[in-house]
Amino acid sequence: MNTLISQSAAWAALKTHQQYLATVHLRDLFALDNQRFERFSVETCGLLLDYSKNRLTQETLTLLQQLAQAAQLSEWIRQLFQGDPINNTEERAALHIALRNRSNLPIRVAGQDVMPQVNAVLAKMHQFSDSIREGEWRGYTGKPIKSIVNIGIGGSDLGPAMVTRALKAYHHPRLRAYFVSNVDGTHLGETLAELDPETTLFIVSSKTFTTQETLLNANSARTWLINQLGNDKAVAKHFVAVSTAQQKVTEFGIDPTNMFEFWDWVGGRYSLWSAIGLPIVIMIGMDNFAALLAGAHDLDNHFATAPWERNLPVLMGLIEIWYSSFFGATSQAVLPYDYTLELFPAYLQQLAMESLGKRVTRSGNTVNYPTAPIIWGTLGNNGQHAFYQLLHQGTHLIPTDFIIAIESQYNELGHQNAVLSNVLAQSHALMKGRNAEETRLALNQIGIAAEKVNQQLPHRVFPGNQPSNLLVYHQLTPKILGTLIAAYEHKVFVESVCWGINPFDQWGVELGKQVANLLLPELTQEQSSYGYDGSTDSLLNYIKTHRLA
Ligand code: F6P
C-alpha cells in the first residue's frame, strides 16, 4: 500500500470519535453499562482478556476493526501463515508459527515444506537434552553436566532466559541454568566464578554467529575451559552451538554434529520456539517444551480463525493503536502479578520495540502518526511501592497490561489473596480514581480538620481514567506461557499491519554496531584526534588517560 493508513476514512472516523471519548470518564462508562465486563472480555486457550477498563465503546471497536480492514489485516494474516516473504526488506518469510505447528500440516517456504526440518531439529534437541538430563552426556573428565550456560544476546538470550526463569518449578533438580549476554567482562567473570568446568556445558547461541558480544564471551569461555581442563579436546564435550551459520560455527571450533540448526525465516526475537530454546528443553524436558509449543499453536489457530471481535491478539493490538495513534500515549506498562514472569517485561521490550520501532512504512514512506509506544514494566507488586505514584497522579496517559495468575507456584504459603487483592485494587483505582467529593468525604472520615481539608484536597484527589487490560490465567504452566507469548507476538503483528510497517527487520540497530567496530581499535591506538565529534573524541582521550593499562 503506497498511501498512509492515516489517509483512510477509517482513520478520520477514529479521530472524530476520539474527540468525543476524550471527554468521557471510564467510571461513567461503567455507570452507564453494567454489562461492560461481559461485553468487553474474551477467553481463549486458558487466557482471559478483560479489556472493559479501556476508554472505548462498541463504536470504538467497530471503527478500529474498520481500520484493520482498511489495512487488509486478514490478507496479511493469511500471508504470515502461508510462509510468504512478508519480511520485505530482507526478502524472507517470518515463520515462527511453523516452529510450533503441532498439527504438522505442511507449511511451505518457496514451495518447500519446512516441517520435516523443524521436526528433525526438535528430535535432535530431544535426544541431546535427554542425554544431559539423564547424565549420559559426560564432560571431558567423565562427570555428568550440572550447569548450562547460554551465551547469546537479544533474541538469542531474552526469550530462553525469560522462559527458563518462568518455568523454574519444572527444572531438572540436578541442573542450573545461567545466561551470559553482556560484553562487560563482569557478566562472564561472575558467572564463571560459580562454575565447575568439569560439569559445565556452554551453549553458544547466535543466529548470525557474527555478534560481537556473543563471540567475545564464547571465546573467553572457551579459553577459561581449556585452561581449567588443560586440553583443547575438552571443547567438544563442553560446547555446543545454536545457529543458522554452520560455516562460522565450524570456524569457531565447534563440531557441526554439536550444532543445532535454525533458519533465516526465524527472526531473532521470535526464535525461542526454535533450537534457540535448547536451554529451555534441557532444563524442563522435551514434554514440557512440547507443551509450550502446543500453547502457542493453540493461540496461532485462534488468531488465524477467530472473528476479530473475539480475537484476543487482534483486540490487544487494536487497543494499543487506539491509545498510541489517537490518544498520543507514548508508553505502555506491562505489570505481571506473577513472580515467575519477572523477565517478561524485558522480553516484551525487544519483541515490541525492535519490531515496531519504525518510522517508515513497508514502501518507505515516512509515517505522519505515532507508532509503537515505549514498553516498560516490572513485577507489579514491587512497582506499586516505586513508580505507581506516577500512574495514579502523574500527567501521563499510561495504558497498562496487568498479568495475573490465579494460583501461584507456591500456593501453600497462602500469599495469593494478597497478590490478587493488590492487582484488582490497582486496576480499579486507576480506572475510577477518587473525585473531589469522595476525597472530601474520606478526609472528613479520618478526622482531618475542616480548615485543612481544602488545602489537602488537590493533593489527595485521584483523576483515574487510566486504562488497563487484565490478562488472567489459572497458573503459569508451560502451555499457558506459550499461549501468552504467542498472544503478544500476534498483537505486535496486528499493530505492524495497521501502521503499515515491517515488524521483522531491525536496521536501526546496525549503525551503532558499525560505529562500535570503528571505535574499538581507537581505544588501543596512540592518537589524540579521531574525527568523530567534540564529545566522543574528548571522551576517548579522557578514558585513555584514566585507565590503568
Ligand atoms: O542487535 C540486535 C540483534 O540483531 C537482534 O535482533 C538479535 O536477536 C540479536 O542482535 C542477536 O543476534 P544473533 O542471534 O545473530 O547473535
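The values are calculated or read from the model by the stated rules, or taken from the named source; none is laboratory data. Values in this document were obtained by computation on a predicted structure and should not be read as measured data. Methodologically, a virtual Cβ is constructed for each residue, glycine included, from the backbone with ideal geometry; neighbour enumeration extends over all protein chains shown. The area values use the complete protein model at the heavy-atom level, side chains included, leaving out ligands, DNA and RNA. Shrake-Rupley method; radii C 1.70, N 1.55, O 1.52, S 1.80 Å.
Kindly provide log₁₀ I(q)/I(0) values, in the same order as q = 0.12, 0.18 Å⁻¹, from the Debye equation applied to equal alpha-carbon scatterers of segment 1-159. Here log10 of I(q) over I(0) equals -0.89, -1.20. From the Cα gyration tensor of segment 330-385, with a ≥ b ≥ c the square roots of its eigenvalues, which class applies: rounded if a/c is under 1.5, or else prolate if a/b is larger than b/c, or else oblate? It comes out prolate by the Cα gyration axes. Along each principal axis, taking the top coordinate minus the bottom one, the Cα set of segment 148-193 gives 31, 25, 11 Å in descending order. Taking Cβ atoms as reference points and 12 Å as the exclusive limit, the residues near ALA275 contribute a net charge of +1, counting Lys and Arg as +1 and Asp and Glu as -1.
Projecting label points 7 angstrom from Cα along Cα→Cβ for LEU519 and ALA9 puts them 5.2 nm apart.
Taking the average, over residues, of other Cβ atoms within 10 Å as the packing measure, peptides 387-398, 99-110, 278-289 rank 278-289, 99-110, 387-398 from highest down.
Other residues within the sphere of radius under 12 Å centred on the Cβ of SER181, judged by their own Cβ, net out at -3 (K and R +1, D and E -1).
Remark: relative contact order (segment 85-169) = 11 percent; criterion is Cα-Cα distance under 8 angstrom and separation of 6 or more residues.
Across THR257, THR536, the residue with the most accessible area heads the list, and the full order at a 1.4 Å probe is THR257, THR536.
Selection among ILE254, TYR542, ALA294 by position relative to the dipole of the chain gives ALA294 as farthest towards the positive end (Cβ unit charges, Cα centre). Amide H contacts for VAL149 (H built 1.01 Å from N in the peptide plane; partners 5 or more residues away or on another chain; cut-off under 5 Å): TYR178, LEU201, PHE202, ILE203. Of the peptides 64-76, 346-358, the ranking by mean beta-carbon count within 10 Å, highest at the top, reads 346-358, 64-76. For the chain, averaging the sequence separation of C-alpha pairs within contact (under 8 Å, six or more residues apart) and dividing by the residue count gives a relative contact order of 20 percent. Sorting the segments 143-151, 13-21 by their residues' average number of neighbouring beta-carbon atoms within 10 angstrom, most packed first, yields 143-151, 13-21. With unit charges on the beta carbon (Lys/Arg positive, Asp/Glu negative), name the residue among TRP137, ALA110, ILE148 whose Cα is farthest towards the positive pole of the charge dipole of segment 95-148. In segment 95-148, that residue is ILE148. For segment 121-160, the calculated P(r) over all alpha carbon pairs, in 10 Å bins from 0 to the bin holding the longest distance, is 26, 41, 31, 2 percent. Cross-link pairs exceeding 26 Å in C-alpha to C-alpha distance, out of LYS146/LYS168; LYS168/LYS513; LYS248/LYS491; LYS168/LYS432; LYS124/LYS207, comprise LYS168/LYS513; LYS248/LYS491; LYS168/LYS432.
Sorted largest first by accessible area at a 1.4 angstrom probe radius, with every protein chain in place, the residues CYS498, CYS45 fall in the order CYS45, CYS498. Figure legend: label point modelled 7 angstrom from the Cα of LYS248 along Cα→Cβ; residues of segment 86-109 with amide N under 18 Å from it are 90-92. For segment 217-233, putting each phi into the Karplus relation 6.51 cos²θ - 1.76 cosθ + 1.60 with θ = phi - 60° gives couplings of 4, 5, 4, 5, 5, 5, 4, 4, 5, 5, 4, 6, 9, x, 7, 6, 5 Hz, in residue order, rounded to whole numbers and with x for Gly and Pro. If the viscosity is 0.692 mPa s and the temperature 37 °C, what Stokes-Einstein diffusion coefficient in µm²/s follows for the chain when Rh is the Kirkwood radius over Cα pairs? My calculation gives 128 µm²/s for D. Helix 58-70 and the long axis of the chain differ in direction by around 40°, with both axes built from C-alpha atoms. Give the separation of the Cα centroids, segment 390-433 to segment 500-523, in Å. The two parts, judged by their Cα centres, are 38 Å apart. Once the gyration tensor of the Cα atoms in segment 347-439 is diagonalised, the equivalent ellipsoid follows with semi-axes of 33, 21, 10 Å, ordered largest first.
When a/c reaches 1.5 or more, the comparison of a/b and b/c decides; with that in mind, is segment 428-549 rounded, prolate or oblate per its Cα gyration tensor? Because a/c hits 1.5 or more and a/b fails to exceed b/c, segment 428-549 counts as oblate. On the basis of the beta-carbon distance and an R0 of 35 Å, THR545 and GLU510 show a calculated FRET efficiency of 0.65.
Per residue, the solvent-accessible area of the chain (1.4 Å probe, heavy atoms of protein chains only, all protein chains present) comes to 44 Å².
Each residue, ASP113 and GLU526, gets one label point 7 Å from its Cα in the Cβ direction; the gap between the two is 6.7 nm. Net charge in the neighbourhood of GLY464 (other residues with Cβ under 9 Å of its Cβ; Lys, Arg +1, Asp, Glu -1) is +3.
Close amide H partners of THR378, meaning residues 5 or more places away or on another chain with modelled amide H under 5 Å apart, are VAL334. Take every DSSP beta bridge whose two residues both sit in the chain, then give the antiparallel share in percent to the nearest 5. DSSP beta bridges in the chain are roughly 30 percent antiparallel. Within the straight-line cut-off of under 19 Å between alpha carbons, the aspartates and glutamates reachable from LYS143 are ASP130, GLU134, GLU194, ASP196, GLU198, ASP232, sequence neighbours fewer than 8 places apart in one chain being disregarded. Working from label points 7 Å from Cα in the Cα-to-Cβ sense, the GLN127 to ASN444 distance is 7.9 nm. Taken one residue at a time, the phi angles of segment 117-124 give Karplus couplings (6.51, -1.76, 1.60, θ = phi - 60°) of 5, 4, 5, 5, 5, 4, 5, 5 Hz. Gly and Pro are set to x. For ASN454 and GLU309, the FRET efficiency from 1/(1 + (r/R0)^6), where r spans their Cβ atoms and R0 equals 45 Å, is about 0.40.
Residues whose amide H lies under 5 Å from that of ILE404, counting only those 5 or more places away or on a different chain, are TYR337, LEU471, VAL472, TYR473; hydrogens are built 1.01 Å from N in the peptide plane. Only alpha carbons enter this Debye calculation for segment 197-296, each as an equal point scatterer, and the log10 of I(q)/I(0) it gives at q = 0.23 Å⁻¹ is -1.23. The heavy atoms of THR23 present about 110 square angstrom of accessible area, all protein chains included, probe 1.4 Å. Quick check: from the Cα gyration tensor, does segment 113-242 come out rounded (a/c under 1.5), prolate or oblate? Rounded, since a/c falls under 1.5.
Counting only protein heavy atoms and a probe of 1.4 Å, the accessible surface of the chain is 53% carbon and sulfur. Helix 510-522 and the long axis of the chain differ in direction by around 50°, with both axes built from C-alpha atoms. Which residue, chosen from SER274, TYR532, SER421, occupies the Cα position most advanced towards the positive end of the dipole of the chain, where the dipole is computed from +1 (Lys, Arg) and -1 (Asp, Glu) charges on Cβ about the Cα centre? The residue sitting farthest along the positive end of the dipole is SER421. Between the Cα long axis of helix 286-305 and the first principal axis of the chain there is an angle of about 40°, rounded to the nearest 10.
Across segment 1-149, Cα pairs under 8 Å and at least six residues apart give a relative contact order of 13 percent.
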